[in-house]
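To keep things clear, I will list the structure first and then write my remarks on it.
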Amino acid sequence: MKIALARSRPRRTVRLLFGVLMTAALAFSVGGTATAAIDKGGMAVNNRTDVYIKDISSDTGFEPHGAIYSSFFNSPDIKICPTAIECAAHTNPVIGSTSHIFVNLRNNGPYGSGISNGTLKAYYTTSGGGANWPIHWTPIGSKSLPVAPGVTTTSIAWPNVPSLGHFCLLLRWESATDPMLFEGTATSINTQYNNNIAWKNANTVSAVGGVVSDRPFALANALAEPAPFDLAFRPLGEPVPGAKIVADLGPELFERWRAAGGQGEGVQVVGRTSVQVVDPYKAQIKGLLIKPEERPVVKLSFSTGETLQKAYTLRVVQVGPARRLGESFDVGGVDYTFEPGRR
């Protein structure tokens, strides 16, 4: 499979991992298509626009956006607010309410210029790691608008938030003059290769002593065959003091894991289907076999022995099979922030 790039795009200068990411795109984006802005003569158009949404805070719009291990699944340009007035920080949506998704559209990308006319589209899926495009994503709403040079902040209403309770968001800017570079099955690859796609996987959990907060974490496989994935736990900074983190794999996924040798690091079995994190610096549950047609959900339980005085963040990541690239790589995850007094 060859990926055709629009000729109007400048040469990438920050691409040390391009070969690895390209291999990932080919391996994980089954049935993907490449797009380019072209005129009738087959040449790249000159009036290409370039609106982008940041994947990470240092993102300046180049594709792919940067390091393969960076948190491409927690865009700083997306947040959920409880009202139509923009809030200071991302919040969990309330079941049955109308939430509002605020997005920063940045019209100063490196591949074009000028006013961009297009449609912003919002989708949700169960909170978790990998997710396949488009089958795992449910539309929320859309808004068509012109975006002038600079930063335009807009919002999409999310009425009657469904009872899943905890979600991942996907935002897409679609424009005839700002096409996608590449799209395939893997949302992770699509997000890193298209600066007009952004992913928001963030959640808050209670940090009140003795309170247990359960969160779903869905897994997915964008390959055409079953493959083993790891579940990795990575504290951002110091680990949460006194935290107890348990992953209930469920009967089927737990049995697959045990049949494959029950491999892991920094974890221990604590129940018929559950695994507890005992080393928050390097915990991994290794070799979870996921089939292409399924989306198993792991139940993560978080609790602390005492009420925290400040917020802490734990990143939980689904890690792809090393045999595809010679080394493993992230396919998606969630940043969980422990906040005092929150549930």
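Looking at the stretch 261-337, the strands (runs of 3 or more DSSP E) lying wholly inside it that each contain 1 or more residues that are over 16 Å from Asp214 (Cα atoms) and in contact with an Asp or Glu (Cβ under 6 Å, 6 or more places away or on another chain) sit at 284-290, 312-319.
Annotation: of all residues in the stretch 27-84 being in a strand (DSSP E or B) and open to solvent by 30 Å² or more (accessible area, probe 1.4 Å), the one that is modelled with the lowest pLDDT is Ile38.
Please go through the stretch 92-113 and pick out each residue that is part of a loop (DSSP other than H, G, I, E, B), at pLDDT 95 or above and open to solvent by less than 30 Å² (accessible area, probe 1.4 Å). Within the stretch 92-113, Gly109, Tyr111, Gly112 meet the criteria.
Among the residues of the stretch 123-156, those identified as aliphatic (A, V, I, L, M) and closer than 24 Å to Tyr336 by Cβ are Ala131, Ile140. For first residues located in the stretch 309-323 and within 12 Å of Leu236 (Cα to Cα), partners that are at pLDDT below 90 and open to solvent by 10 Å² or more (accessible area, probe 1.4 Å) and lie 6+ apart or on another chain with Cβ distances below 6 Å form the pairs Ala311/Thr337; Ala311/Glu339; Tyr312/Val240; Thr313/Leu236; Thr313/Thr337; Arg315/Leu236.
Please work out if Ile135 is under 30 Å from Ala224 (Cα atoms), in a loop (DSSP other than H, G, I, E, B), without any contact (Cβ under 8 Å) to a residue 12 or more places away in the chain and out of contact with any Gly (no Cβ under 6 Å at 6 or more places or on another chain). Taking the combined requirement at face value, the residue satisfies it.
Condition (residue is in contact with an Asp or Glu (Cβ under 7 Å, 6 or more places away or on another chain), more than 20 Å from Ala222 (Cβ to Cβ), assigned to a strand (DSSP E or B) and at pLDDT 95 or above) applied to the stretch 182-199: is it met by at least one residue? Checking the stretch 182-199: not a single residue is in contact with an Asp or Glu (Cβ under 7 Å, 6 or more places away or on another chain), more than 20 Å from Ala222 (Cβ to Cβ), assigned to a strand (DSSP E or B) and at pLDDT 95 or above. If the condition is being over 22 Å from the mean Cα position of the chain (by Cα) and surrounded by 19 or more Cβ atoms within 10 Å (Cβ to Cβ), then the stretch 134-174 contributes only Val147.
The values are calculated or read from the model by the stated rules, or taken from the named source; none is laboratory data. As the structure is a computational prediction, the values presented were derived from the model and not from experiment. No Cβ is skipped: glycine too gets one built from the backbone with ideal geometry, and neighbour counts run over all protein chains shown. For the accessible areas, the whole protein counts, side chains as well, though only heavy atoms, and no ligand, DNA or RNA atoms are used. Shrake-Rupley method; radii C 1.70, N 1.55, O 1.52, S 1.80 Å.
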